[in-house]
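Everything below concerns the one structure shown next.
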Amino acid sequence: MNKRYARSVFSCALALIMAFSILPAGAFAVTQDEIDTLKSQRDEISAQRREKQAVVDELASQHATVLEQKLAMDQRNMYTLQQIQLNSEEIALYDEMIADKAEELAEAKRLEAEQLEKYRARVRAMEENGNYGFLSLVLKTNNLGELLTVMDDVGEIMESDRELEDQYIAARENTEAVKAEYEATKADMEARQAELRAEQAELEKDIEEATLLIAGLEEDIENRRAEYEAILAAEDAANAEIAELVAELERQRQEEMANQGGGSGGGSVSGTGSFIWPTASTYITSRFGLRVHPITGETRSHTGLDVGGSYGDTIAAADGGTVTLAGVNGGYGNCVMIDHGNGYITLYGHMSSIAVTKGQAVSQGDAIGYVGSTGLSTGPHLHFEIWSGGGRIDPEQFFTGLTFSPGAGE
Ligand SMILES: [Zn+2]
């Protein structure tokens, strides 16, 4: 077989991402970005897993092919061995037949020699009884044929004797011919047998090579499959982590929604990002923007909303945050400012009294003071401002259900 099974070597070119980075669970809030990063890492692992799978499949297919080829060689080898066995039996049979013929031949030769000896005896008897001068000639002959020729010459042999001797000679020659034929057949068979043995030896060599190749492929498959399993495990771990983070993100969203809907949970210092209306009254007596000042008579910008109300009405923090100002603040009178930590600041002016101190953390809805008319004011009301990006913006944009009813101002 030699080069028929070129062995493919699959170099493990890909560095496996076995160490899958996982963020410390529960340390901080989960973000969609983190989940997306994990997902792209997971996708990389999935791609590696698919590549490894293709390698394993290719090796398995090679393995199946070589196994099939080896099976065919095994069958051929078995057939060749059977032929060799049959040949051996036949050759042994020929051996027996040749041995039989050898025995027959020996017997024929023995009879021939015996006959020769009889003639010699007769010749000697003839010599003793008469004067046959050719005795010396007869005794020099080496076999029956020569002897018969000599005897024939002298006319001393009867025709019946001659026929009998011819039969002996023919029988011996026939046995010799059959034996020679058997020997030739046997030689042919032995040559064929040698060919079969050479063929069979080559087959055995091929089978051994195939066996080694199969063993090598099986080892490769086992190793690559182990790598595949490891990647698969990493992929499973990544998927599990992603599922966990997605669940955690969802939980955070639910919690956030619950907080926004249900008001203060207590202790939060950062804003929720949405505002609640800070006092009981929803009557706006003066809107945000340009207006004529009720006291000075000047046209100027009103920096917030004036909300009607009664002395002592509770003023609540519109959102959670940190109190950055709690005290008298010029025309605002008793004033509180809250930084919500998300770019928004709220301001509450003209309070009769203040319920918080500077630096205090407040939650959305916490009482921070009470409606009054301190500072530049003509009657009890709340002056409410929302700051964003360093300037004031119209608070009305964040609320619905307010009623505009001009009255007490500033
Ligand atoms: Zn005002």
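Per-residue extension of 0.36 nm, minus the Cα-Cα distance of Tyr79 and Ala47, leaves a gain of 6.7 nm for this segment. Estimated from the Cβ-Cβ distance and a Förster radius of 22 angstrom, the FRET efficiency linking Thr211 and Glu58 is about 0.60. Could you please report the charge total around Ile207, scoring K, R as +1 and D, E as -1 over all other residues with beta-carbon less than 12 angstrom from its beta-carbon? For residues surrounding Ile207, the net value is -3. Between the beta carbons of Ser353 and Thr299, assuming R0 = 45 Å, the FRET efficiency works out to 0.85 to the nearest 0.05. Rg and Dmax of segment 283-404, based on Cα coordinates, read 13.5, 39 Å. Annotation: amide H of Asp366 within the under-5 Å range of Ala317, sequence separation 5 or more or interchain, hydrogens built in the peptide plane. Setting aside same-chain residues fewer than 8 positions from Lys70, which lysines have a Cα under 19 Å from its Cα? Partners within reach: Lys3, Lys205. Maximal additional length on extending the Ala226-Leu290 stretch stands at 15.4 nm, based on 0.36 nm per residue less the C-alpha distance. Gain on full extension, evaluated as 0.36 nm per residue between Ala121 and Glu204 minus their Cα-Cα distance, stands at 23.2 nm.
The phi-based Karplus calculation (6.51 cos²θ - 1.76 cosθ + 1.60; θ = phi - 60°) puts the 3J(HN,Hα) values of segment 332-342 at 6, x, 5, 9, 10, 10, 10, 8, 8, x, 10 Hz, whole numbers, x for Gly and Pro.
How high is the FRET efficiency between Ile393 and Asn259 when r is their beta carbon distance and R₀ equals 30 Å, given to the nearest 0.05? Spell out each step's value before the answer.
On the way: r = 24 Å, r/R0 = 0.79.
After rounding to 0.05, the efficiency reads 0.80.
Listed by chain and number, the aspartates and glutamates whose C-alpha is less than 16 Å from the C-alpha of Lys52, apart from same-chain residues fewer than 8 away, are Asp43, Glu44, Glu218, Glu219, Asp220, Glu222, Glu227, Glu229, Glu235, Asp236.
Every read-out reported here was derived from the displayed coordinates using simple, explicitly stated rules and does not represent laboratory data. Only a predicted model underlies this, so the values are computations on that prediction, with no experimental measurement involved. Every residue, glycine as well, gets a Cβ built from its backbone with ideal geometry; the counts of neighbours run over all protein chains shown.
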